[in-house]
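J.: Have a look at this one before I ask anything.
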Amino acid sequence: MSKPSMPFPKMKKNTSSRRNDPSKNEPGGESNWKGFLFFLVSILFVVLAYYVSVNQGPGIEQKSLPQLTRLLDQGRVKSLVFIRDTSTGQTFLEGRYTRPAGPTENAEIIVPFRTVVDLEFNRDLKQFLASKGFPEIDVKVIHNFWGQAFLSVLPFLLFILALYFLFRQQIRMAGRGAFSFGKSRARLLSGGKTKVTFKDVAGVEEAKEEVQELVEFLKDPKKFQKLGGRIPKGVLMVGPPGTGKTLLAKAIAGEADVPFFSISGSDFVEMFVGVGASRVRDMFEQARRHAPCIVFIDEIDAVGRARGTGLGGGHDEREQTLNALLVEMDGIESQEGVIVIAATNRKDVLDPALLRPGRFDREVRVNLPDIRGREQILRVHAQKIKLSKSADLTALARGTPGFSGAELANLINEAALIAAKKGKESVDQPDLEEARDKVRWGKERRSLAMSEEERKTTAYHEAGHALLNVLLENTDPIHKVTIIPRGPALGVTMMLPASDKYNARKKEVLDDLCVAMGGRVAEEVFLGDISSGASGDIRQATWYARKMVCEWGMSEKLGMVHYSDDSSMVFLGRELGTARGYSEATARAIDHEVQHFIQTAYEKAKRIILEHKDKVEALAQALLEYETLNAEQVIEIVKTGKMTNPPPKNTPSLPSNNVAESMQNPTREEEARKNDGLLPGLEGAPA
């Protein structure tokens, strides 16, 4: 019988809590301050004693020159001597005089005294003393060299010692840190240090199931090993920003009963050569000591970019760090028991050697949530606020297509702030709808001073968009039209899709191009002039038309050929200096087809608007009067030419819940956000 294999080394209990607490390691702190204060008091005492001994002496009285004169007149002075101190440059008259021992006693005592004199100023002092019976007075010279040297050096010593005691702790840590550049900065977490669990992760059920397998394997490895399976060495989580990759890692740390090391990809990069590779080795060495364990590397693209793409040559510190990471994950000396989980939103720039099985055996896609996922995410975040009974999170989920988990969390927070600003006791549906519009299209700027001419231009511009959106068959349902400045735009025509959409169909894109041209056409037809308000529409239409020709194969002339350049590779230097994959003639044909799509959409939009001039006029006048129209009001004007249920004047009307239905094309939504305020000087252009 073969002895059963042990997949992981035994876990070691982490008893180094005192070692991990810097405040407990160092015996500094309070004791350092006590030592510093004791030393300072000692120095001051020595200085004071020296000063007293030099300037006064034990039991020596200080007498002024007038007092000495009175003593001489009374004949009480017994002896005098001149003392010259070379250290201070002063001259003293030192002597003794008599005074009664007490008021009732006849005995006298002799008291030493000292008087500071200036022979240059009092030139007749010697003659005066001679007249009082002291013709010849001895002169003593005191050489206090060491005292003088001590006093001159003492301030510098005090300053240096004060700096030492004040920065003693920092000096110790700096001395220790001088040799710790190569130490890993990974933070060790355990289930008790994080409160996030799998219950807090919603909208990414498939990704949650895949990472949950890791936790189950670590808790009960025999369940999977009895059939010969082994745990993946690495799991790469890929997805757009804000979809919950880091939150998923926090949930793993909260659920797992094993050590969890967390580090960012940028923590490996340092200004010193070789530090990144040293930190990688140190991190895996710590992980092996705590095996089985999990190592989470956030934003791994900071260190895992493809090699051989640097510009200028020379030593690339990042490549050496990546080489060390590759060896540690699956090299000759690699060991079982260390599971690496990494997160990135730029998988396209990662090195192929890092992505192969054996290093990252499993790729977990964390995509934008669908309608069910959005509702689950909203309910998770709504637990933190006081929600009214009238709030409908299902309707809100249908009206938030393309939102990531982070944006949904921000939406709930904005709704709570809006309700609190209005003084409400709870958050209701209008607050949620207003927060949704604020997050997606920006906050209303009612304080913006617009001239009547600007309002008129914006009204006709948005009326052209709204009319085409209602009349064309393959467009998303209209949600709201407003000429109140919102975000970077002076007016907005809001549309929300009626169902989940993951592809861009040709008929839909052509109608979207036509709607984008509606604003410019309406300005030209009704105002006789054009403005810069259509800059965002033109940019968006050009982007879609070029996608149709170069990537989506929707051009009958150029066919199903991919002509687009991979712009992401330019930042890596991979395509720098290389030729395009098509000729100049093809490039001219691409430009011609892009212009053809846009021109066709423009002519179609102009034809429809000319056929329904009265409807555009009615929409524009209604916008000038009421500023904001919801979906039912716009549709009624387009169908009948009038409006029977007008909104209150100068107040934004609430959108209807039955129009905002599910997901918009993520590509279109992302591009729409990119178009906001990109051209300098056109931040206030109508949308």
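J.: Using 0.36 nm per residue, how much length does the chain from ALA107 to PHE128 gain when fully extended, once their Cα-Cα distance is taken away?
T.: Length difference between fully extended and current span is 4.6 nm.
J.: Based on the Cβ-Cβ distance from LYS642 to ARG607, what FRET efficiency comes out when R0 is 30 Å, to the nearest 0.05?
T.: Given R0 = 30 Å and the Cβ-Cβ separation, E is 0.80.
J.: Can you order the peptides 215-223, 241-249, 437-445, 462-470 by their average number of other Cβ atoms within 10 Å per residue, highest first?
T.: 462-470, 241-249, 437-445, 215-223
J.: On to the next question. For the range 400-458, what is the per residue volume of the convex hull drawn over the alpha-carbon atoms, in cubic angstrom?
T.: Each residue corresponds to 109 Å³ of Cα convex hull volume.
J.: So, taking all protein chains as they sit and a 1.4 Å probe, how much accessible area belongs to PHE128, in Å² rounded to tens?
T.: Rounded to the nearest 10, the figure is 70 Å².
J.: Further question: If you put +1 on each Lys and Arg Cβ and -1 on each Asp and Glu Cβ, how big is the dipole of the range 317-423 around its Cα centre, in Debye rounded to 20?
T.: 1060 debye
J.: Here is a further query. State to the nearest 20 debye the size of the charge dipole of the range 369-423 about its Cα centre, where the only charges are +1 on K and R beta carbons and -1 on D and E beta carbons.
T.: For this selection, approximately 260 debye.
The values are calculated or read from the model by the stated rules, or taken from the named source; none is laboratory data. Note that the structure is a prediction, hence the values are computed from the model and not measured. We place every Cβ from the backbone using ideal geometry, glycine too, and count neighbours over all the protein chains shown. To get the accessible areas, we keep the full protein, side chains included, count just its heavy atoms, and leave off ligands, DNA and RNA. Shrake-Rupley method; radii C 1.70, N 1.55, O 1.52, S 1.80 Å.
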